[in-house]
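Undergrad: Take this structure, written in structure tokens, and hold onto it; I'll ask about it next.
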Amino acid sequence: MNPFLIGMIISMIAYIIIGFLIGKGVKSTNDFFVAGRRAPTFLLVGSLVASYCGTGLYFGDAGESFAGIFSPLMMLGAMLIVGYVLGGVFFGRFLRRSSCNTIPEFFGKRYNSPALKKLAAVTQLVTIIVYLLSTIQGIGTLMALVTGLDYKLCIILALITFSVLTVSSGSKGVLITDTIMFGLFTIVTVVVIIICTVKGGGWFNIVEELAQTKPEILSWAGDPDYLYPTGTQNMIWAFAYGIVWMSVCMVAPWQASRYLMAKNEHSVIRSSIWAAFFVFVLEFIVKCGAALLNHFKPELADQSHIIIWASTNLVPTALGAIMVTGILAAGISSATTFLSIIGTSVVNDFFDIKDERKKLKTVRLAVIVAAIIVMLLAYFNPPQVFWIMFLGATVVACSWLPVCIASIWSKRVTKTGAFCGMLFGFLGCGGMKIYASVAELDLPVFLDPFFIGLAANLIGMIIGTLLTKVTPEEKKQREALFVIPESEKDIKEVKKTKKTVLASIILGAVVTGVLLVFWVIPYTSNL
Amino acid sequence: MEYAIAIFVGLWISAAGILAYYRIKKDFADTDKADNKQNKAGDQK
């Protein structure tokens, strides 16, 4: 029997069993929605990284890096980790302080606006469904590629796994399985890429060889005409999408909602710094590793399969099976997070159910319905993992980022301003994407939907704010966010948190060092 | 230009770290003062 199929089946059964065991301890919606608000730092780190890294990284980013835009993607990848550093300190800990169950609930409470809560919930739902679609397509592609099973059957199998896991154990189970999966895919990715480069003659030898034979692969400009025809345009795109993905890491529902489960605000801040570190490690290893696989000149039907090709051709079978299982884990961990958020939000933000048992039943039903909808979308649409993932991320950046920042740091933005900003950003970005897609336009970089959506958000926020005044209730809610609970003032905890945040300053130097040593210097000195 | 990218992203990350550190320092300034008072009292004893 196919060893990759065996590995996948064993892992899927294991996750389901873990889900059922944890599910026995889920007694209330507090457990299901926010894991009892007792999550320690390491579980938050595991869930943050696992919910971020999915099939998009291993297929989309790896494929594009292999094909010719490594440098723009690496710049984007290093920029985005700032989202964690800023997210924990400037947004996440305030979110946790609000004691809300969801981020839409937080907006509704902060601005005393049920309408804003509903709008946030709708935009969240749309964004997550889009992103979940990309993830399921990635999982289906992965399973079909390595096992030979039909793609549509693979989608159904994967869906059953993560739906059962989410329905049975909710956020508690998702946190624990996310952390297990994070450990698995991080370790095996580093090991496999190292072995592949050793097989190719060593990391530095491959970089030197590519500098001479295919310099465009590792060049700052990327391969011209792959994305945009000039390096400058590629860099503008990379900078813009560095901001987009920074926004995702800072405020996206599948990231910031982890902080709602933290045992305290120190866990929020520390976990965000650690997540920044681990996400950079994975971004660098996967993207640079994929680019270096050009050394082997594989014949690929689809460049997005490059990591799978390496796992099934360059490393021992057992290790390849673990790697493939690790990528599957990356996909499942993201999907379970998305489903748990959908279920929680449907019950918490759209309905007003008082009975605890009825709430739990409804949230489980919402998860199943969402899974079926996404399955049908994946069933009838061909995979476009990279671009659908980018669509979901862009919508978050355009509709949520300015409102999230303003909700904490602006005394002047009103509920009308926040509502208009979110709505205009969502429509501006989504509208531009749909128009460009239907009209089959190749937009110039400065008309990218990100710029249009962000501008629309800011215009909406400014107009809405100018036409209205901040109410006493809004003022009171904002002021309450800045009262630090006494329980957070333990001197030892504060010192430990400050040291962790200080480490993020050093992380900048580490990132520069890694890029210089492993890419820039060996590449440029052999041109 | 590759050098510029590597240095730029490092500065970008460190700048964020500096912002975050000073925010945390400001928010917990009272806790720091209380800690310093305790340490001084301990030293005097």
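Please treat every number below as a calculation from the coordinates, not as lab data. These figures come from a predicted structure and were not determined experimentally. Methodologically, a virtual Cβ is constructed for each residue, glycine included, from the backbone with ideal geometry; neighbour enumeration extends over all protein chains shown.
Undergrad: Counting only GluC sites (Glu not before Pro) that sit in a DSSP loop (anything but H, G, I, E, B) with at most 13 other Cβ atoms within 10 Å, what is the longest stretch of chain A containing none of them? Numbers along the way, then the final one.
TA: On the way: sites that count: A:E299, A:E440.
Here the longest segment lacking exposed loop sites spans A:1-298.
Undergrad: What does the charge count near A:Y226 come to, summing +1 for each Lys or Arg and -1 for each Asp or Glu among other residues with Cβ under 9 Å from its Cβ? List each step's numbers first, then the result.
TA: Details: positive: none; negative: A:E64, A:E216, A:D223, A:D225.
The answer is -4.
Undergrad: May I ask you to derive the FRET efficiency for B:K33 and A:L21 from their Cβ-Cβ distance with R0 = 60 Å, giving the value to the nearest 0.05?
TA: Calculated value: 0.80.
Undergrad: Once the convex hull of the alpha carbons of region A:309-467 is built, what does its volume come to per residue, in cubic angstrom? Write out the running numbers ahead of the final one.
TA: Details: hull volume 31.1 nm³, N = 159.
Cα convex hull per residue, to the nearest whole number: 195 Å³.
Undergrad: How big is the Cα convex hull of region A:404-527 in projection, averaged over all directions, in nm²? Working shown, then result.
TA: Working: hull surface 53.9 nm².
So the Cα hull casts an average projection of 13.5 nm².
Undergrad: For chain A, state what percent of all Cα-Cα pairs lands in each successive 20 Å bin, counting from 0 Å until the bin that includes the largest distance.
TA: Percent of Cα pairs in each bin: 23, 58, 19, 0.
Undergrad: Between A:Y379 and A:N2, 0.36 nm times their residue separation minus their Cα-Cα distance comes to what? Don't skip to the end; give the middle numbers.
TA: Working: separation 377, 0.36 × 377 = 135.72 nm, distance 2.43 nm.
Net length gain for the segment: 133.3 nm.
Undergrad: Still on this structure, please answer the following. Can you sort A:F162, A:F204 from fewest to most other Cβ atoms within 10 Å of each residue's own Cβ?
TA: On the way: A:F162 31, A:F204 15.
Going from least to most buried by this count: A:F204, A:F162.
Undergrad: What nm distance separates the two modelled labels at A:T317 and A:Q212, each placed 7 Å from Cα along Cα→Cβ?
TA: With each label placed 7 Å out from Cα toward Cβ, I get 3.7 nm.
Undergrad: Let me ask you something else. What 222 nm value per residue comes from the helices of chain A, counting each DSSP H run with n ≥ 4 as -39,500 (n - 2.57) and dividing by all residues, nearest 500 deg cm²/dmol? Display every interim value, and only then the final one.
TA: Numbers: 24 runs with 387 residues, N = 527.
It lands at -24500 deg cm²/dmol.
Undergrad: Report the full-extension gain for the segment A:A115 to A:T230: residue separation times 0.36 nm, less the Cα-Cα distance, to one decimal in nm. Provide the component values of the computation, followed by the final result.
TA: On the way: separation 115, 0.36 × 115 = 41.40 nm, distance 4.42 nm.
Length gained between A:A115 and A:T230: 37.0 nm.
Undergrad: Which helices, counted as full DSSP H runs in chain A, have an axial Cα extent of no less than 18 Å and a Kyte-Doolittle average of 0.5 or above? Present the calculation step by step, with values, prior to reporting the outcome.
TA: On the way: long enough: A:3-23 (30 Å, 2.38); A:114-147 (48 Å, 1.40); A:151-199 (43 Å, 1.80); A:231-251 (29 Å, 1.13); A:265-292 (40 Å, 1.30); A:317-345 (42 Å, 1.50); A:356-380 (37 Å, 1.25); A:385-399 (22 Å, 2.11); A:415-438 (34 Å, 1.00); A:449-466 (25 Å, 1.86); A:491-515 (37 Å, 0.91).
The answer, listed by residue number, is A:3-23, A:114-147, A:151-199, A:231-251, A:265-292, A:317-345, A:356-380, A:385-399, A:415-438, A:449-466, A:491-515.
Undergrad: Follow-up. Please work out how much length the chain gains when fully extended from A:K469 to A:S487, using 0.36 nm per residue of separation minus the C-alpha to C-alpha distance, in nm with one decimal. Display every interim value, and only then the final one.
TA: On the way: separation 18, 0.36 × 18 = 6.48 nm, distance 3.43 nm.
Length gained, A:K469 through A:S487: 3.1 nm.
Undergrad: Towards the positive end of the charge dipole of region A:58-524, with charges on Cβ (+1 Lys, Arg; -1 Asp, Glu), say which of A:V192, A:V347, A:F70 has the farthest Cα.
TA: Of A:V192, A:V347, A:F70, it is A:V347.
Undergrad: Under 8 Å for C-alpha pairs, at least 6 residues apart: give me the relative contact order for chain A, rounded to a whole percent.
TA: Details: 905 pairs, mean separation 154.5, N = 527.
Reported as a whole number, the value is 29 percent.
Undergrad: To continue, here is another question. Determine, for A:K489, A:K359, the number of other Cβ atoms within 10 Å of each Cβ, and report the residues in order from fewest to most.
TA: Taking fewest neighbouring Cβ atoms as first place, the list is A:K489, A:K359.
Undergrad: Provide A:I434, A:I69, A:I236 in ascending order of the number of other Cβ atoms located within 10 Å of each residue's Cβ, fewest first.
TA: Ordered from fewest to most neighbouring Cβ atoms within 10 Å, A:I434, A:I69, A:I236 come out as A:I434, A:I236, A:I69.
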